[in-house]
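The values are calculated or read from the model by the stated rules, or taken from the named source; none is laboratory data. Given the structure is predicted, the values throughout are model-derived calculations rather than measurements. All Cβ positions, even for glycine, are placed from backbone atoms using ideal geometry, and neighbour counts span all protein chains on display.
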Amino acid sequence: MQPIIESLSSLKRRAVLKISNSCIENELEKELLSLSRNTKISGFRPGKAPISIVKRTYGNNVRQDVVTKILGNSFNQLVKENNLFVVGYPNIRPDNSISTSDDLCFIAEFEIYPEISIPPFENLEIKCYKHDITEEDVKKTLFILQKQRSTFEKKDAHCAEIGDKVVLSYNATIDGVSFEGSSSESLPVILGNNQFLPDFENSLIGLREGDSRELDLKFPDTYHDSKIAGKEAKFFIKIKEVFAGKLPDLDDNFAKLFSNEDNFNLEKLKENVKASIEREIGVRLKNLNKDSVMGVLLKNIEFEIPEVLVRNEMQLRLQSLKNRLKDGSIKDLESLSKDILIEEESKKMVKLGLIISEIAKNNNLKVDDEQILSYLNNFAKNYEDPEKFVSHYMTDSGKKSEVAALILENNIVDHILSKANVSEEEVTFENLMGLE
């Protein structure tokens, strides 16, 4: 009798798998007989031990293997006959309450892939971003390069201003209690570099060596340290030294800092900067528009997400965090595993992956080695040994698959944009480059 599949939810299924004891015993005898021909047992020549001795020695282990094998075959047959697309592996457990003297019964619970309905791309409203590079963008980038090579001269009685460096000591408390990173005896701060919270940097403008200041500061809700995010702290700041910043002159001598070429000058530096900006903005616009497309897909396509895929994605993310944590704190990981942001981001990534897979299948979008090679060759231009870089990725199946997945996403984005209702929006240089 064919097992009955019970629907526990739109994706969860349960079935009872029955295995006859006679089937188990038949397979067990076959396995033991095969084992007896090749196994050496103390006191017997190889292959000459009586089957009863082999059974007594290995019977329990072989029986477990036989049951596992029959169960796997039974489940696979169930899946095939019912045309099911199973996510991951089933959870199979024995159920003694319905087992009989003739049959062993097992409960198999599993999830299936959802049916995903992709709307016509012509109905999608997608915003695409653009930016035409200007000379002003080049000037702003050159100014950043100048600031990176600023020199500083100690000035007594000098009021700190944007571009200057101050060295300070501070103590901070939240509700009268200190916290991690709440004090320093010698903290250098370059005003205007936005390395610290804006209110903190702005409070230093106008101060001189020896000046002190109390500052009430609220950490942003999105602050990287969740223990103090959104909380108000009281800072006690003392200025120890003030250094006036001086920008290098923007001339040929400055340009030579960026090249070993004998004839390299300011004009060539400007050309290089413009070319670099064009490449960087091209990449950032591509990623920004890709995010825009993916966001529209996530918003317009709804379906239930298999829990097992979300759990797997969460585990991958937590493992990645573990690898990046310097102290490898398991306690921190345990708290992160319950973080709603981790779970929501995992759901988002799983959902997006399923959507991409469905779109690729429906539109016969594939990636071949020629596309992968073209992508890698273009990327390898930034490396000293391009051939070695390309070979490394092409011979590593894992890395090659990652590149293929990225190219497939790009192909899907291009395909959708060619059909969707697209509107363009200009994005500023500062916003695009993260300077705001």
- Task: Only residues that are outside any loop (DSSP other than H, G, I, E, B) and surrounded by 14 or more Cβ atoms within 10 Å (Cβ to Cβ): list them for the range 219-234, please.
- Result: Ala233, Lys234
- Conditions (1) without any contact (Cβ under 8 Å) to a residue 12 or more places away in the chain; (2) in a helix (DSSP H, G or I); (3) within 23 Å of Asp291 (Cα to Cα) -> Lys348 fails only (1)
- Subset of the range 35-54, residues in a loop (DSSP other than H, G, I, E, B) and of a type in the set (A, V, I, L, M), comes to Ile41, Ala49
- Item | Cβ-Cβ under 6 Å pairs, at least 6 apart or on other chains, the range 279-299 side surrounded by fewer than 18 Cβ atoms within 10 Å (Cβ to Cβ), far side in a helix (DSSP H, G or I) and at pLDDT below 95 | Arg284/Leu432
- Task: For the range 388-431, name all the residues that are aliphatic (A, V, I, L, M) and more than 17 Å from Val293 (Cα to Cα).
- Result: Val390, Met394, Val403, Ala404
- Task: Check whether at least one residue in the range 328-348 is among the hydroxyl-bearing types (Ser, Thr, Tyr), surrounded by 14 or more Cβ atoms within 10 Å (Cβ to Cβ), outside the structural domain of Asp221 (by TED's automatic domain parsing) and modelled with pLDDT of 90 or more, and report yes or no.
- Result: yes
- Query: Is it the case that Phe106 is under 15 Å from Leu17 (Cα atoms) and touching a strand residue (DSSP E or B) at 6+ places or on another chain (Cβ under 9 Å)?
  - Reply: yes
- Note on the structure: Cβ pairs under 9 Å, 6+ apart or interchain, first in the range 352-368 and farther than 13 Å from Pro114 by Cα, second of a type in the set (S, T, N, Q) and surrounded by 12 or more Cβ atoms within 10 Å (Cβ to Cβ), ordered by first then second residue, are Ala360/Asn411; Leu365/Asn411; Lys366/Asn411; Val367/Asn411
- Inside the range 91-137, the number of residues satisfying the requirement of being polar (S, T, N, Q) and within 13 Å of Leu71 (Cβ to Cβ) is 1
- Message: So, Asp211, is that one buried (at least 16 other Cβ atoms within 10 Å of the Cβ) and either more than 30 Å from Ile416 (Cα to Cα) or among the basic types (Lys, Arg) (or both) or not?
- Response: yes
- Message: Among the residues of the range 232-248, are any out of contact with any strand residue (DSSP E or B) (no Cβ under 8 Å at 6 or more places or on another chain) and without any contact (Cβ under 8 Å) to a residue 12 or more places away in the chain?
- Response: no
- Filter the range 260-278 for residues that are of a type in the set (Asp, Glu) and more than 17 Å from Met433 (Cβ to Cβ); the one that is surrounded by the fewest Cβ atoms within 10 Å (Cβ to Cβ) is Asp262
- Considering Val283, Val273, which residue is farther than 30 Å from Ser117 by Cβ, under 35 Å from the mean Cα position of the chain (by Cα) and at pLDDT below 95? Val283
- Would you check which residues across the range 377-436 are surrounded by fewer than 10 Cβ atoms within 10 Å (Cβ to Cβ), assigned to a helix (DSSP H, G or I) and modelled with pLDDT under 90 and list them? Lys381, Asn382
- Name every residue in the range 109-143 that is hydrophobic (A, V, I, L, M, F, W, C) and in contact with a strand residue (DSSP E or B) (Cβ under 7 Å, 6 or more places away or on another chain), in order of residue number. Phe110, Ile112, Leu124, Ile126, Cys128
- Message: Looking at the range 249-259 only, could you name the residues that are touching a residue at least 24 places away in the same chain (Cβ under 8 Å) and surrounded by 17 or more Cβ atoms within 10 Å (Cβ to Cβ)?
- Response: Phe254
- strands (runs of 3 or more DSSP E) wholly inside the range 80-169 that include at least 1 residues being surrounded by 14 or more Cβ atoms within 10 Å (Cβ to Cβ), within 31 Å of the chain's Cα centre (by Cα) and without any contact (Cβ under 8 Å) to a residue 40 or more places away in the chain: 86-94
- Taking the condition under 30 Å from Ser226 (Cα atoms) and modelled with pLDDT under 95, does Ser374 pass? no
- Scanning for something touching a strand residue (DSSP E or B) at 6+ places or on another chain (Cβ under 6 Å) and assigned to a loop (DSSP other than H, G, I, E, B), does the range 9-30 turn up at least one residue? yes
- Task: Would you mind finding the one in Ile144, Ile118 that is outside the structural domain of Asn193 (by TED's automatic domain parsing) and at pLDDT below 95?
- Result: Ile144
